[in-house]
Amino acid sequence: MGKLLARLDEILPAIRERDATEPEVFPAQTIADLYAIGVPRAPFSVELGGLAGSLRDSVEAVETLASASPSAALLICMPLSLAGFVVAGAAAAPAPHRAACAAQVARVAADYKAGLVYAACNSEKGAGGSIAATQTMAHRQGEGFRITGEKILASFGRRASHFFSTAKISPDDLPGAGAVEGFLVKTTAPGVEILDDWDGFGMRPTESQTVRYRDAPVESLLGFPNFLEVAQPIPYAFCLFAAVSLGCVRGLLRALGVPAPQSPALRLRLSEALMRYEAMRAYLLETADGWRPAAGPLYAARVVRAKTYVTQESTKLCAELFALSGGRHYRRGSPVARLLADSFAGTALRPPLPLALDALVESFPAIAADALDGREALGGR
Ligand SMILES: Cc1cc2nc3c(=O)[nH]c(=O)nc-3n(C[C@H](O)[C@H](O)[C@H](O)COP(=O)(O)OP(=O)(O)OC[C@H]3O[C@@H](n4cnc5c(N)ncnc54)[C@H](O)[C@@H]3O)c2cc1C
């Protein structure tokens, strides 16, 4: 077992207990405990206080955590993804930007050590989950940038210290800019309004609020110009999101299967569910093992397939397990019912199901030949 999982195992019973007793409350203590054992800073180097952890390590940690508290797992995905992003940025940075990227990694790692939360504030109403459809705009002002636009579903809300937000910017304002750039914004900056409008179907403690930027000053650019295209960090986050859904299945299997039920029919159904869970887990872990910055379109497509499959099938499996769970679990706040509702977030998370299916259809002709001939999607392994 990796170091991260061993540390997580120690605090998991307390997390599970808090999730059961305070199912609607932002899990402040759990997040503090996850910071204390180093979960969000795991991707950083040991010198920067991290564990030089792989994406596989992070996926396993998020899945394990989700089996006890899906909301805490979804929340921790946000700073954990950003850590993966900045580390990827430093690895993939063109020479002129290398020093600045290394300094950014060190700054973010130091902030994580101090317990600060960098959360994702990217989604926009009507964008269908597509980053390319971002309407938020940034422009240069003096030495820095300002950002204007409306974001939705920013988990952590005002509990975050920083948001990382996508915005469009003209190459006149940022030479070499890509179609969309990432920016780091302090949540307390003037012009940042965090609403109080979260009323989720599941994942209720995540405080996933609407955020309005009105000419808000940006703390820094994420990475370097055209970072999202060059470093291709987004598959890192997708693997983590899929791990949340998978953890919901594991939580349900545990709730219904431990201790093992008397009924042979129920044992058979649970055995079948276990096989499906193990198959999904193997698919996701193999995909996570292929992660590297700037991995190219075949790997990106593989990640979309894995994320789509795992979240879609996890949701179906959670529904089937819920149907088997019996009347005593048929309460709005029962842990089993909450796992069912939480699992649906996976199909809504970026890319949401319809967008992911569109991407699969579009990429199928090119991908099928490569994937089925065993070429490249996982770095030639
Ligand atoms: C619990 C939870 C927490 C979240 N936390 C965060 C977070 O912390 N940060 C963050 O940035 N985001 C977060 N999200 C948002 C998530 O990542 C998705 O981006 C978001 O749910 C997608 O937006 P939408 O479904 O409202 O899209 P809408 O634009 O309302 O689209 C609705 C549906 O129609 C489809 N659709 C719309 N237009 C098209 C089109 N042109 N072609 C094909 N399909 C289309 C979409 O795919 C989508 O399924 C969270 C979501 C949930 C459920």
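All of the numbers you see were taken from the coordinates with simple rules; none came from a lab. It should be emphasised that the depicted structure is a prediction, and the values quoted were computed from it without experimental measurement. Don't worry about glycine lacking a Cβ; one is built from the backbone with ideal geometry, like all the others, and counts go over all protein chains shown.
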Take Cys121, Cys318 and order them by how many other Cβ atoms sit within 10 Å, fewest up front. Cys318, Cys121
Contact order normalised by length for the range 168-306, with contacts defined as Cα pairs under 8 Å and 6 or more residues apart; what percent is it? 24
Lysine-lysine proximity count for the chain, Cα under 28 Å, sequence distance 8 or more or distinct chains: 15
Which listed residue (Gly191, Ala160, Pro175) has the Cα farthest towards the positive end of the charge dipole for the range 146-204, taking +1 on Lys and Arg C-beta and -1 on Asp and Glu C-beta about the Cα centre? Ala160
Given the Cα-Cα distance of Ser170 and Leu372 and 0.36 nm per residue of separation, how much length would full extension add, in nm? 68.7 nm
Given axes a ≥ b ≥ c from the Cα gyration tensor, I'd like to know whether the range 103-243 is rounded (a/c under 1.5), prolate (a/b larger than b/c) or oblate. rounded
The range 176-312, dipole about Cα centre (Lys/Arg Cβ +1, Asp/Glu Cβ -1), debye to the nearest 20: 720
The range 269-291 scanned against label point 7 Å out from Ala323 along Cα→C-beta; backbone N under 15 Å for 269-270, 272-273
The FRET efficiency for Lys186 and Glu272, from their Cβ-Cβ distance with R0 = 45 Å and rounded to 0.05, is 0.35
Computed for the chain: size of charge dipole around the Cα centre, +1 on C-beta of each Lys and Arg, -1 on C-beta of each Asp and Glu, debye to nearest 20, value 600
I'd like the distance between the alpha-carbon centres of the range 1-48 and the range 286-322, rounded to an integer number of Å. 23
Shape of the range 202-344 from its Cα gyration tensor (a ≥ b ≥ c, root eigenvalues): rounded if a/c is under 1.5, otherwise prolate when a/b > b/c, or oblate? oblate
Is it possible to state the helix-based mean residue ellipticity at 222 nm for the chain, with each DSSP H run of 4+ residues giving -39500 (n - 2.57), the sum divided by total residues, to the nearest 500 deg cm²/dmol? What is it? -17000 deg cm²/dmol
Report, to two decimal places, the Cα Rg of the chain normalised by 2.2 N^0.38 Å (N = number of residues). 0.96
Evaluate the range 223-287: find the radius of gyration of its Cα atoms, find its Kirkwood radius, and give the ratio Rg to Rh. 1.25
At Arg140 and Ala32, where each label point lies 7 Å from the Cα along Cα→Cβ, what is the point-to-point distance in nanometres? 4.4
Quick one: if you stick a label point 7 Å off each Cα along the C-beta vector at Ala14 and Arg158, how many nm between them? 2.8
Would you work out the relative contact order for the chain, in percent, from Cα pairs under 8 angstrom that are 6 or more residues apart? 17
Along Cα→Cβ, 7 Å out, is where each label goes; now give me the distance between the ones at Leu353 and Ala133 in nm to one decimal. 1.7
Extension gain, Glu150 back to Ala102 (0.36 nm per residue minus Cα-Cα distance, nm): 14.2 nm
Size of the dipole of the range 68-144 about the Cα centre, Lys and Arg at +1 and Asp and Glu at -1 on the beta carbon, nothing else charged, in debye to 20? 80
Where the centroid of each part is defined by its Cα atoms, how far is the range 63-85 from the range 216-250 in Å? 12
Taking 56 Å as R0, compute the FRET efficiency from the Cβ-Cβ separation of Lys113 and Ala260 and round it to 0.05. 0.85
Farthest positive-ward along the range 258-364 dipole, Cα basis, beta-carbon charges - from His329, Thr287, Thr315: His329
Stretched fully, the stretch from Phe364 through Glu47 gains (0.36 nm per residue minus C-alpha distance, one decimal, in nm) 109.9 nm
Could you calculate the FRET efficiency of Lys125 with Arg332 from 1/(1 + (r/R0)^6), where r is the beta carbon distance between them and R0 is 25 Å, rounded to 0.05? 0.35
